[in-house]
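The values are calculated or read from the model by the stated rules, or taken from the named source; none is laboratory data. Because the structure is predicted, anything quoted here is derived from the model rather than measured. When we count neighbours, we look across all protein chains shown, and the Cβ atoms used for this are built from the backbone with ideal geometry, even at glycine. Calculation scope for accessible area: heavy atoms of the full protein, side chains included, ligands and nucleic acids excluded. Shrake-Rupley method; radii C 1.70, N 1.55, O 1.52, S 1.80 Å.
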Amino acid sequence: MQVAVVGGTGTLGAPVVRELAARGHTVRVLSRSAPADPVPGTEHHAVDLVTGAGLDAALEGVYAVVDAGNHRGPRSARTMVEGVRALLAAEQRAKVGHHVEISIVGCERVPFAYYRTKVAQERAVTQGPIPWTLLRATQFHELIDELLGGGAKFRIAPHSAMRFQPVDVAAVAGRLADAVEAGPSGRVRDVGGPAVQTLAELAELRRRTLGQALLPFPVPPIGRAIRRVRDAALCLDSAGEAVSFDYAEWLRRRYAKPVS
Ligand SMILES: NC(=O)c1ccc[n+]([C@@H]2O[C@H](COP(=O)([O-])OP(=O)(O)OC[C@H]3O[C@@H](n4cnc5c(N)ncnc54)[C@H](OP(=O)(O)O)[C@@H]3O)[C@@H](O)[C@H]2O)c1
């Protein structure tokens, strides 16, 4: 099948590209910059979701689009909500048959600006012109690690009861590839990692793995959003599917010293 992966150079997009290519699909990677390490047999198309540049040419002859584009920061709403609308309009012109979107478990429960953006992006897809599949996932191990790594640069480890259920990004990529092959299926089962842990527990795992001396930095549960995260609003409910390995295992794989 001819598949385009928007954001195919990102944390999620790159494993989606690898997975689809390994399953024998013809894959186009859509992003502003070309991948540093392209997957053999795939083709890069330069596109910009904000301006719409390159989209029409990139989608010619494509049957399914996976949207793994992302933009964090103050302009995220513009890139992600207006961007997905521009993408869906281009898909309609190109007669794309299936749009696959990734979102975040519990995004409607936590009033952070980025999560409001994800809710608006989901709505654009589910009320949009292209038959769709929507998968929600919990935070990737990479995101938790980036957050904790940012604190470690200042020699601090957040001491917080906020709860997360981080997931292996390759497992999420596998679910997206399954969704491409299954055809438009609406909202599919949420996916997350096998363990719910507090940010303090995750920080301690990282600190021990890397042998760092860090000062605990208390994060009080001030504000509705933080309290909701503490109450596991971003974790799977009983209908969700827990997959793959936990953050401790991810740390072992990521930071293991090669045996000499
Ligand atoms: N990270 C998590 O923990 C997590 C958890 C659940 C769901 N998600 C969702 O997964 C998706 C991907 O997240 P990620 O963390 O993999 O993102 P990421 O690593 O930041 O990758 C973003 C991708 O989007 C592309 N991009 C950014 N701006 C663009 C634009 N204007 N036009 C075209 N492409 C653009 C980037 O390439 P260029 O910069 O070269 O354009 C890159 O390929 C998002 O929808 C996110 O909400 C993430």
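Sparse packing (at most 11 other Cβ atoms within 10 Å of the Cβ) combined with a DSSP loop state is found for the following chymotrypsin sites (Phe, Trp or Tyr not before Pro) in the stretch 118-155: Phe154.
Pair-distance distribution of the stretch 130-257: all C-alpha pairs, bin width 5 Å, starting at 0; shares per bin in whole percent are 2, 11, 19, 20, 18, 13, 9, 5, 3, 1, 0. Subtracting the Cα-Cα distance of Arg23 and Gln92 from their residue separation scaled by 0.36 nm leaves 22.2 nm. Give, as ranges by residue number, the residues of the stretch 142-182 whose backbone N falls under 20 Å from the point 7 Å along Cα→Cβ of Ile222. Within reach of a label on Ile222, which here means backbone N under 20 Å from a point 7 Å along Cα→Cβ, the stretch 142-182 contributes 151, 156-163. Share of pairwise Cα-Cα distances greater than 21 Å in the stretch 21-162 is 51 percent (whole percent). In the chain, helices alone account for a calculated mean residue ellipticity at 222 nm of -11000 deg cm²/dmol, with every DSSP H run of four or more residues adding -39,500 (n - 2.57).
Of the accessible area of the chain, computed with a 1.4 Å probe over protein heavy atoms only, carbon and sulfur atoms account for 53 percent. Packing around the peptides 143-151, 35-43, 238-246, 175-183, taken as the average count of other Cβ atoms within 10 Å per residue, puts them in this order, highest first: 175-183, 143-151, 238-246, 35-43. If a spin label sat at a point 7 angstrom from the Cα of Arg116 along the line to its beta carbon, the backbone N atoms of the stretch 207-243 nearer than 20 Å would be those of 222-230, 233-234. Could you tell me what % of all Cα pairs in the chain have separations over 27 Å? That tail contains 39 percent of the Cα-Cα pairs. Using a probe of 1.4 angstrom and keeping all protein chains present, the accessible surface of the stretch 16-173 works out to 45 square angstrom per residue.
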